[in-house]
Structure formats: structure tokens, C-alpha cells
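Student: Pasting a structure here, questions to come.
The values are calculated or read from the model by the stated rules, or taken from the named source; none is laboratory data. In this text, all values refer to a predicted model and were calculated from it rather than measured experimentally. Glycine also receives a Cβ, built like all others from the backbone with ideal geometry; neighbour counts cover every protein chain displayed. Surface areas here come from the heavy atoms of the whole protein model, side chains and all, with no ligands, DNA or RNA. Shrake-Rupley method; radii C 1.70, N 1.55, O 1.52, S 1.80 Å.
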Protein chains: 2
Amino acid sequence: MQHHQETPHSTGQTLGIRMAATQNGGSGDAGHHSQKDGVSSKKTLTLDTMNPHIKVMEYAVRGPLVIRAGEIEAMLKKKMDKPLPFTEVIRANIGDCHAMGQVPITFIRQVLCLCFNPELFESPDFASDVKDRARRILASCQGKSVGSYTDSTGLEVVRRDVAEFITNRDGGIPSSPENIILTAGASEGIKAMLKLMNFEREGKPPGVMVPIPQYPLYSATIAEYGMEQVGYFLDEDNNWALDISDLKRAVNEARKTSNPSVIVVINPGNPTGQVLTEENIREIIRFAYEEGLFIMADEVYQDNVYAHGSKFHSFKKVMTEMGSPYSEMEIASFYSTSKGFMGECGIRGGFMEVCNLDPPVMAMLKKMLSAKLCPTTAGQACIDTVVNPPKEGEPSYESFMSEKKAVLTSLAERAKMITQAFNLIPGIHCNDVQGAMYAFPRLDLPHKFVEEAKIKKREPDFYYALELLENTGICIVPGSGFGQRPGTYHFRTTILPPPERLKSMMERFTAFHTKLMEKYK
Amino acid sequence: MQHHQETPHSTGQTLGIRMAATQNGGSGDAGHHSQKDGVSSKKTLTLDTMNPHIKVMEYAVRGPLVIRAGEIEAMLKKKMDKPLPFTEVIRANIGDCHAMGQVPITFIRQVLCLCFNPELFESPDFASDVKDRARRILASCQGKSVGSYTDSTGLEVVRRDVAEFITNRDGGIPSSPENIILTAGASEGIKAMLKLMNFEREGKPPGVMVPIPQYPLYSATIAEYGMEQVGYFLDEDNNWALDISDLKRAVNEARKTSNPSVIVVINPGNPTGQVLTEENIREIIRFAYEEGLFIMADEVYQDNVYAHGSKFHSFKKVMTEMGSPYSEMEIASFYSTSKGFMGECGIRGGFMEVCNLDPPVMAMLKKMLSAKLCPTTAGQACIDTVVNPPKEGEPSYESFMSEKKAVLTSLAERAKMITQAFNLIPGIHCNDVQGAMYAFPRLDLPHKFVEEAKIKKREPDFYYALELLENTGICIVPGSGFGQRPGTYHFRTTILPPPERLKSMMERFTAFHTKLMEKYK
């Protein structure tokens, strides 16, 4: 009649991963259950007995600054004796288009609406192509209802449309519906592929090459799975291009402690906004081939290319055009309804295309996904409208195209505007935002400020972002959440606030930064 | 300029987990890339280099029989020279209500429809309570759009409604929105909790106590995470109740090779359909307390209780009413929109309530979930309509209640009908389906049949299910997919086919079984 007898402290401490959690609270020292008259609490699950990988994972895009932003928003809603020096929080921390006022694409929402409420098929409020599309999706659902489970990889009709979209995008290079897997956003696909590769061999974990800076889903997942992150530096002086010599350095160093098995490339870049040239992609593919690396191409921003002269080239297309042996390399590419021109983050739609996977491994991947049953039908229907938009001559064509163009044109303007505005601020350097939804400017922080941050036990760029939030209501993500060259400081901001708010944001930003530089000079 | 140098064969073979895959294909013997003129293919990711945990995981509900059922369906669609002895496949393998023709609840779908397409707020087709509900959900979304990300744990307004639902369900025992986490179905929550507990200590993995038979999400996840499954037998002779002496036997045996840390209880039962008595739940709670186990209460079928005298009691309620120290035990309970009276599987809505978790661990859980961004807004809106249905006097009240009642009444009738029909067949014994959506009858298979199955290297119950499918088009899941006492044979069938189809299914089943008994007697 005893509780479990382990002394779990040792492991956590040995691994050096005891959490400097902001929360206090019992951490397994006492027994299992609360004592009515005391404060200690015996718990089965404590910081010392829980999965240590989860303790070390971090996801800065939704980290402590965002929690603080929420608190400030709550304060703003209340009347206060001492009002804050701003009236609204600007959440520039996350690529959340609709939250920033972007209006949904009509066709997408109308199709979803009909899929969920087929009673409206008789309504005159919906154009014939909307009805046709919803009917087509419903016809492919078991029992003609989006309330039934679909195949674990998604509805066949949607996967066919995705394959056709890719084929057209890549100038006719074929894509097979059997290689398409629908997912909840891109994240689910990325996590599935990394999980599939998670195999410790000869005492070494798999190494995952990720760009520095990178999107923290990768670092978080690598930590969660106990894999090893192999960082390669993007070349800030060359508009965040990939530098092959640094890839080689990274992989060679990594072999000491891991089995490098996959390279992640984010194109267009997050947080960096670069769009890779075809030649750069070719070099990366050659490198991956030589090193025997699986390519994970995070191409969720493929519709978001703004800069003159920049163009999106899919890794699959470039690889295929390079011919054998490159055209037979294993690759997974990811896409999401959360980005692009639709920005449907909350619906959780996405897909991955997995090419040249060993067939028995593909069977294993599909088996693994089957235990999650299926991706949400709302996301699947949404993906379908995006990859198979209304065609010329169909009733919704004009509105779809003009709504799409309006979003992308405005984003392109904001990308330009934000780059220019940052570069006008002394001590801030911002590369061209060629694509995606972010700028990642470099901060030349005054020595005195850096010292003060260190005394306060904060990363200097975190401290900067916190001060910015407290003084202006602007919520950005510090560069340390993405990774950066040691001794440099950056931050990521989205380009998503609508033009007027973006202008006001840049004014507040400029005033804050100027004052800070003055104070700490 | 070399490919990776590992000889990965050894590990897979040592672990004894080389897959007897049905697919052929290169498994790492050759180099990285296909040779134009040969058949071998060098792959980075092969059965020998992939995550070994994924190889061993199985999910029978969507296993090879279901794949075969899909092939047969495709054959039925084509004209054949030699027609099959049946005209349709009955997918009795999965609890997929809408696939079986169940009609969605109007209120749920109308609210979802308005959430996706707010242009319809002016339409006279929607009642005021539908509009109010959609407005309330949208008002809580950033930018008033379901296309924006929500909190990682879900919209606050929905979590509040869930907490109120639980409070009312449990006779006033309070529930806090802070303890509610919205998920994609129940599966996501179950996987998250198991992941949180996955910590090898003193060289032993955590042990997860699961019922035998169990829902294969548990065995699949335990395999995927490398945890240890600790099976305890449900008592078939006592209508699948939990037998505390067997729990004790199981946990004691398990301590040799694992650290038992959690007990999973499925109530109402899947695949067994039992509804636990309050006294049985109390015994289980006492056992969990004594053994220091975290309780995972899979209560997704709580709305599906049919038998006279049976009543759903939540583990949290019973535990709380038992008072200290039991009332302070750690527990997670799971709920899903896929089951109950709504059966909205494809939408992927669900929630878990996590009580008495150590606060820093709760923070870690929420941090872990934040990297997945958020559950789908469609699922969140769906959950809201289910936990906060129209109230008496509101325009949609009558239709909601009558639609709900119609579904549950019909399910209760089918539960009774299927039990009676199976018990009329010689060699089949079926316990009362008190709740959930399944029957789990025992098969007394003839010795000759068992021998033939063994010669064909099939589990006897798998062989039976395959023969049934090929001869009648009825797709069930063999008991070996859930676990059963050695030497016994079972299968799971849903009770979901509509009455007429169910009747026809039972006739085909009876004929098949009678013929089989005759042939192998």
C-alpha cells in the first residue's frame, strides 16, 4: 500500500535540464496527495517525473511575451487610474492574418458554409460553382457528410486536386495523389516526418539540420523528440541565402554527436523573408545528395513572394529538373492554408507531398497517421478551394482573383514599407522582405543596454522586446527565439498589420528605439 | 563526398522488429539513389533506419481488413463477370455515425455555417439562438474570424461553456475553464497526456495500465512512445467490469519491467460497451490512490448509456465525493464530438479536463500544446454547441432535443437488438451493450477452424473476420486488435448500421456463422 518508490530527482539533474520555471509549486519532493492542513502536495506527475524533453522545448512565437501581451490587453479593457501610454496591443508576433483584420476569401467560406449546412443548396445566395464544389466534396465523404471520418491521408478528391495543383505549379512535373497527405496546418506533417526519422543509432540521435534563424516549430519538435538540432547559419549579408560552406561545416561538426539525416529548408524564409534563387536551391540539393540527407522543404509561404526578380521554385521541381540521381532523392514538402493569400489559420488545413519514399516506409507513415483517424474536414475542404480555385468563366472567378490579388498586393506594399521604415532607424538593419510574412531586422544594441539585460538575467533581445511591449504595446518575438549568430541581436515582426496600423506601429517603434538609444548611449 | 556509413541492419534485427511488410521494396541494402538501369534503390529512410517504435505500432480499427474492405467496395462499383455474393460493404469496424447515415443535428450545423459565413447573419433562414451563438463564438475570435488562431487550449468562451457543462453534469462539483483543453477529437488529448508522462527512470519505461480488451489508440500510442503496456483483464463473466484483484496482479507484475504511472479506464467501454457502476469506480480510484497512479478516464461515450439501471458516473465526480485524499488525485478526462448523439467525427472536436495537476506541470503541458498552435475552430465551435445546447424556450430547443432523443433512442434499440441477435447464434456469446457504440461478442471457434487459421499464419479471429468480409461484405475488427484472454476469440462490431441494414447484416452474419460451424465441426 505504498506510493511509487522512485527518487526521480537524479535524472532530471543529471541531464542538466531542471527547469527554471517561472511558476513555483511542488516539484515532487513530497508525497502523492495534498495534505488538508499543509501546503505540500504529493503528485505522481511533477517537473521531476515528467517527460524531460517537454521541459526543454520552447516555442517563442507563443512564449512569455505573448502571455504578457494578453495580460496587457486585459488591462487595457479595464479603466485604470494610471492609463498605459498606448491604447492597443499590436500582435506582430504571429503570422495570423485574420486576427489583423484580413478578410476571408468569399469563395472559400461559401464552400465551407455549404459543406456544413447542405440545406442551403437551394439558396439563391450561392453561385453555381460554389454549389458544385461543395457537392463534389460531400459526394466524396462517407454518408455524404463532413461529419464522417475520411481516409487518414484525407479525402481522395482533395488529394487529387492537390496533386494537380502541384503538377501545374511545377510546369507539368507530375504529382501523385498517393504521395499527398492532408494535415492540420503544416505543423502536423512536419512533426510526422521528423517522428518517422527519429531513430538513435550507435548511441547517437538523428541530426536535423535547420537554418539559423529558424521557425521554432523545428527546435521545439527536435527537443520534444530528443533529436539533435544541427544549426546552419543563413547568410545575413547575402539576404539570408544558404551558404554551402556553412552547411558543410555544420554537418561535419554534427557527425561527432549525431547521425545527420535530414535537412530542413524554409523557402520563402521564416523568420527571414528571403526567397531562394534557383541556383542556391541546386547547390543545397547537391549538398543533401552528397551527405545522404532527406530534404524537408518548408514551402508554406510559396504564394507569398513580393520582391521584383524573386520567384518561388519548389525543391521538387528543381530536383527533378536536375535529373538523375537528384530526381530520385527523398523529399517532403509542406503547405498550409494558414499562410498565402487566404490566411485561414484557425481552420487547420494543410498538406505534404512526400516523394521517393521507400514504399514500405510510406506504408508505415500512413499506418502511423491512421491512429490519429483523420485531419479535420473543414481544413480539407479549405485546402481544396485553395488548390483548385474557380476557373476563368466560372461565376466566382472574378471575385476570387480580385480578392486574392488585393491581399497579395497589399502584403507586397507592406513588405516594402516595413523594410524601408526599419532601415531609416539608426541602429536597425533590415534585409529586403522578399517573401513570407515577416521582417527579421538586426539590432545594434548599446553596450550599456546589453549589460543591463545581463544583470536582469534576460537575453538582451528578449529584454528589448519586453521593453518595447511594455512601452508601446507592440508585441514582437526576440531573435533568440529563432536563433542568431552569437553576439548579434534581432527580432521578428510580421508585416500583417493593415497599412494604417503598420504606419502607427512604425512611428511608435521609431520613437521607442530612438529614446532607448539615447538613454543607453 | 560519401553517403552515410551506417550499417543499419543490425539494430532492427537485434530488436526483433523487422517488419513482415506486405510491400516489397529496397530496405537500405543498396545506396542512396535509384540506379537507372537497376532495381535497387539507396534510401536515407528505410525500414531499417526509421523509428522502430512506429514499426511495431498497430491500429486495428483502420488495419488491413479495412483496406481490404475498400478494395471490395471498389470491385462492387465495377461490373464483374463473376459478381460477389453481396451488393454492399457494411463498415461495422469504426464508430462513424454519419458514414452509416446518421443525420447531423441541425443546430450544430447551422451555427458552424454562420461561423464560416457571417454574411448570412441577415438571412431569415436562421433562428435567433443560432445567430446569437455564432456571434458569441466569433466575438471571442481574434479579428472576429474563425480563420485566426485561438489560444492553444482553445477559445476561452468555449472553455467556459465546457466547464459549466461539467459542473452541471457532476451535480455542482465545480470545473474551471483553466483546466479545460480543447483538442482534435479525444485522441489528441490522450496522446498529449501520455507524452507528458513518458519518462524512463532507472532504466525502466513508464507503465500504462490499459484494459484488455482496449481501444487500440492506447496500444498504438504506447508503442509509438516506447512506453510499456500493462494490461489488466476486464471480467467478461461480470459484464466487463473491472476486477480489482486483476488490477493488483497486473501492477505487481509490471513493476519488474516498468514504472507503472497511469491507469486508463474506458467508461462506457470501448470495445466492450459496459457502463461501470459507481462502486466499481470507487474501487478503481482507491486502487489508483494506493498505487500512486494518474487516472486517465476515457469518457467519450458518456452520452451513450442505454441499459436500464445503467448510469454514467464521471470519475471526477466519484473521486470528489469520496473526499480527501481521493478528491485531490490527478486525473484527466476526455470527451469528443465524434461520439454521443452528434457523431461529428470528421470535424475533430474534443476536450480534456485535467484536474489536480501540479501547476508547473500544467504550464509545461500548455507550452507543449502551444507548438501545435491551436485546435481547429470548427471543432471548437462544434464542442460549444454540444456542451451548451439551446435552452428551453429558445427557438432551436425543441428541434435540438427531439433530434438528440431520436438518435439516442434508436441507438438504444439497436444495442438491444444486436445483443439479442448475437445470442441467438450458436457459438456466439454477447454481453449486454449497456453503452457506447459497440458489441464485443465471444466466438467459440471450432478446433478445425483454429488449426486452419494457424496453418495460414493468421490469428483465428482475424481469419474469421476476413472470411466474413469476403463472404458477406461485413467489416468487423477481430478481438486480437483490442486484446483478449489467451485462447479466447472475439470481434468488435458497431451498433451503428440503421435498423433495416442492421437486420440484414445480422441475417447475413447468422448464415455465414452457421455455415462455418457446419463446415468445421
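Student: Which of the residues belonging to the stretch B:200-221 are closer than 30 Å to B:Ser480 by Cα, open to solvent by 10 Å² or more (accessible area, probe 1.4 Å), facing chain A (nearest Cβ under 10 Å) and not basic (Lys, Arg)? Reasoning before the result, please.
Tutor: As a first pass, look at the stretch B:200-221 and keep what is closer than 30 Å to B:Ser480 by Cα: B:200, B:203-221.
In the following step, the residues that additionally are open to solvent by 10 Å² or more (accessible area, probe 1.4 Å) were identified as B:200, B:203-205, B:212, B:215, B:219.
In the following step, the residues that additionally are facing chain A (nearest Cβ under 10 Å) were identified as B:200, B:204, B:219.
Across the stretch B:200-221, the qualifying residues are B:Glu200, B:Ser219.
Student: Against the conditions (1) modelled with pLDDT under 95; (2) on the phi < 0 side of the Ramachandran plot; (3) away from every other protein chain (no Cβ under 11 Å), where does A:Gln302 fall short? Just the number, please.
Tutor: (1)
Student: So, restricting to helices (runs of 4 or more DSSP H) that lie completely within the stretch A:412-521, which ones have at least 1 residues that are crowded, with 21+ Cβ neighbours inside 10 Å? Explain how you work it out, then say what you get.
Tutor: Working: elements: A:447-455, A:460-472, A:499-520.
The helices (runs of 4 or more DSSP H) meeting that bar are A:460-472, A:499-520.
Student: Which residues, counting only those in the stretch A:69-91, are in contact with a helix residue (DSSP H, G or I) (Cβ under 8 Å, 6 or more places away or on another chain), away from chain B (no Cβ under 13 Å) and part of a loop (DSSP other than H, G, I, E, B)? Quick ask: steps written out before the conclusion?
Tutor: Our first condition is that a residue be in contact with a helix residue (DSSP H, G or I) (Cβ under 8 Å, 6 or more places away or on another chain); within the stretch A:69-91, this holds for A:69, A:72, A:84-91.
Narrowing further to those that are away from chain B (no Cβ under 13 Å): A:72, A:84-87.
A:Leu84, A:Pro85, A:Phe86, A:Thr87, listed by residue number.
Student: Which residue is most open to solvent (accessible area, probe 1.4 Å), if the candidates are limited to the stretch B:41-65 and must be in contact (Cβ under 8 Å) with a residue 60 or more places away in the chain and of a type in the set (A, V, I, L, M, F, W, C)? Steps first, please.
Tutor: Pass one, the stretch B:41-65, residues in contact (Cβ under 8 Å) with a residue 60 or more places away in the chain: B:53-54, B:56-61, B:63, B:65.
Now narrow it down to the ones that are of a type in the set (A, V, I, L, M, F, W, C): B:54, B:56-57, B:60-61, B:65.
Numbers: B:Ile54: 0, B:Val56: 69, B:Met57: 2, B:Ala60: 29, B:Val61: 2, B:Leu65: 10 Å².
Within the stretch B:41-65, the match that is most open to solvent (accessible area, probe 1.4 Å) is B:Val56.
Student: Determine whether the stretch A:286-299 contains at least one residue that is part of a strand (DSSP E or B) and touching an Asp or Glu at 6+ places or on another chain (Cβ under 8 Å).
Tutor: Taking the stretch A:286-299 and keeping what is part of a strand (DSSP E or B), we get A:294-298.
After this cut, where a residue has to be touching an Asp or Glu at 6+ places or on another chain (Cβ under 8 Å) as well, the list is A:294-295.
Within the stretch A:286-299 (the criterion being part of a strand (DSSP E or B) and touching an Asp or Glu at 6+ places or on another chain (Cβ under 8 Å)), the answer is yes, since at least one residue qualifies.
Student: Still on this structure, I have one more. Using the structure shown, decide if A:Met352 is aliphatic (A, V, I, L, M), touching a residue at least 24 places away in the same chain (Cβ under 8 Å) and either assigned to a helix (DSSP H, G or I) or within 11 Å of another protein chain (Cβ to nearest Cβ) (or both).
Tutor: On the way: aliphatic (A, V, I, L, M): yes; touching a residue at least 24 places away in the same chain (Cβ under 8 Å): yes; either assigned to a helix (DSSP H, G or I) or within 11 Å of another protein chain (Cβ to nearest Cβ) (or both): no.
Answer is no for this residue.
Student: While we're looking at this one, here's another question. Can you run down the residue pairs with Cβ atoms below 6 Å, 6 or more apart or on separate chains, where the first is in the stretch B:96-109 and over 10 Å from A:Lys144 (Cα atoms) and the partner is of a type in the set (S, T, N, Q) and open to solvent by 30 Å² or more (accessible area, probe 1.4 Å)?
Tutor: Within 6 Å, the pairs are B:Thr106/B:Ser399.
Student: Filter the stretch B:289-312 down to residues that are open to solvent by less than 10 Å² (accessible area, probe 1.4 Å) and in contact with a helix residue (DSSP H, G or I) (Cβ under 9 Å, 6 or more places away or on another chain), then give me how many there are. Step through it out loud before you land on a result.
Tutor: At the first step, the residues of the stretch B:289-312 found to be open to solvent by less than 10 Å² (accessible area, probe 1.4 Å) are B:292-299, B:301, B:304.
Add one more test, that the residue is in contact with a helix residue (DSSP H, G or I) (Cβ under 9 Å, 6 or more places away or on another chain), and what stays is B:293-299, B:304.
Matching residues across the stretch B:289-312 total 8.
Student: Take B:Pro390 and decide whether it is crowded, with 17+ Cβ neighbours inside 10 Å and touching a strand residue (DSSP E or B) at 6+ places or on another chain (Cβ under 9 Å).
Tutor: no
Student: Of the residues B:Asp132, B:Asp237, which single one is within 26 Å of the chain's Cα centre (by Cα) and more than 9 Å from chain A (Cβ to nearest Cβ)?
Tutor: B:Asp237
Student: Something else about it: Given (1) small (Gly, Ala, Ser); (2) under 30 Å from A:Lys317 (Cβ atoms); (3) without any contact (Cβ under 8 Å) to a residue 24 or more places away in the chain, where does A:Ser152 come up short, assuming only one miss?
Tutor: Exception for A:Ser152: condition (3).
Student: Turning to a different aspect of this structure: I'd like to verify a number: residues in the stretch B:410-421 that are without any contact (Cβ under 8 Å) to a residue 60 or more places away in the chain and more than 22 Å from the chain's Cα centre (by Cα), how many?
Tutor: From the stretch B:410-421, those without any contact (Cβ under 8 Å) to a residue 60 or more places away in the chain are B:419-420; that's our starting set.
Narrowing further to those that are more than 22 Å from the chain's Cα centre (by Cα): B:420.
Residues meeting the conditions: 1.
Student: I'm told A:Cys382 meets every condition in (1) at pLDDT 95 or above; (2) open to solvent by 10 Å² or more (accessible area, probe 1.4 Å) except one. Can you identify the failing condition by its number?
Tutor: (2)
Student: Scan the stretch A:314-326 and tell me whether some residue there is free of Cβ contacts under 8 Å to residues at least 24 places away in the same chain, within 7 Å of chain B (Cβ to nearest Cβ) and either β-branched (Val, Ile, Thr) or surrounded by fewer than 21 Cβ atoms within 10 Å (Cβ to Cβ) (or both).
Tutor: Yes, that holds for at least one residue.
Student: Across the stretch A:271-280, what is the total count of residues that are open to solvent by 10 Å² or more (accessible area, probe 1.4 Å) and either touching a residue at least 40 places away in the same chain (Cβ under 8 Å) or assigned by TED's automatic domain parsing to the domain that holds A:Ser480 (or both)?
Tutor: So the count comes out to 2.
Student: Could you list, in sequence order, all residues of the stretch A:265-299 that are within 14 Å of chain B (Cβ to nearest Cβ) and of a type in the set (A, V, I, L, M, F, W, C)?
Tutor: The answer is A:Ile285, A:Phe287, A:Ala288, A:Leu293, A:Phe294, A:Ile295, A:Met296.
Student: Identify, from the list B:Gln102, B:Gln110, B:Gln142, the residue that is out of contact with any helix residue (DSSP H, G or I) (no Cβ under 6 Å at 6 or more places or on another chain) and within 11 Å of chain A (Cβ to nearest Cβ).
Tutor: Details: B:Gln110 fails: out of contact with any helix residue (DSSP H, G or I) (no Cβ under 6 Å at 6 or more places or on another chain); B:Gln142 fails: out of contact with any helix residue (DSSP H, G or I) (no Cβ under 6 Å at 6 or more places or on another chain).
Of the residues listed, the single one that is out of contact with any helix residue (DSSP H, G or I) (no Cβ under 6 Å at 6 or more places or on another chain) and within 11 Å of chain A (Cβ to nearest Cβ) is B:Gln102.
Student: Take the stretch B:367-407 and flag every residue that is farther than 16 Å from B:Ile108 by Cα and within 14 Å of chain A (Cβ to nearest Cβ). Break it down stepwise before answering.
Tutor: Initially, the stretch B:367-407 is screened for residues farther than 16 Å from B:Ile108 by Cα, giving B:367-375, B:392-393.
B:Lys367, B:Met368, B:Leu369, B:Ser370, B:Ala371, B:Lys372, B:Leu373, B:Cys374, B:Pro375 - these are the residues of the stretch B:367-407 that are farther than 16 Å from B:Ile108 by Cα and within 14 Å of chain A (Cβ to nearest Cβ).
Student: Failed condition for B:Lys195, given (1) closer than 16 Å to A:Asn51 by Cβ; (2) in contact with a strand residue (DSSP E or B) (Cβ under 8 Å, 6 or more places away or on another chain); (3) of a type outside the set (Ser, Thr, Tyr), with all others met?
Tutor: Evaluating B:Lys195 over (1) closer than 16 Å to A:Asn51 by Cβ; (2) in contact with a strand residue (DSSP E or B) (Cβ under 8 Å, 6 or more places away or on another chain); (3) of a type outside the set (Ser, Thr, Tyr) leaves (2) as the failure.
Student: Which residue, of A:Ser145, A:Ser175, A:Ser140, A:Ser123, is at negative phi and assigned by TED's automatic domain parsing to the domain that holds A:Met227? Can you show your working first?
Tutor: On the way: A:Ser145 fails: assigned by TED's automatic domain parsing to the domain that holds A:Met227; A:Ser140 fails: assigned by TED's automatic domain parsing to the domain that holds A:Met227; A:Ser123 fails: assigned by TED's automatic domain parsing to the domain that holds A:Met227.
Unique residue meeting the criteria: A:Ser175.
Student: Let me ask something else about it. Inspect the stretch B:386-395 for any residue being closer than 28 Å to B:Cys141 by Cβ and of a type in the set (S, T, N, Q) and give the result as yes or no.
Tutor: So far as the stretch B:386-395 goes, yes, one or more of its residues are closer than 28 Å to B:Cys141 by Cβ and of a type in the set (S, T, N, Q).
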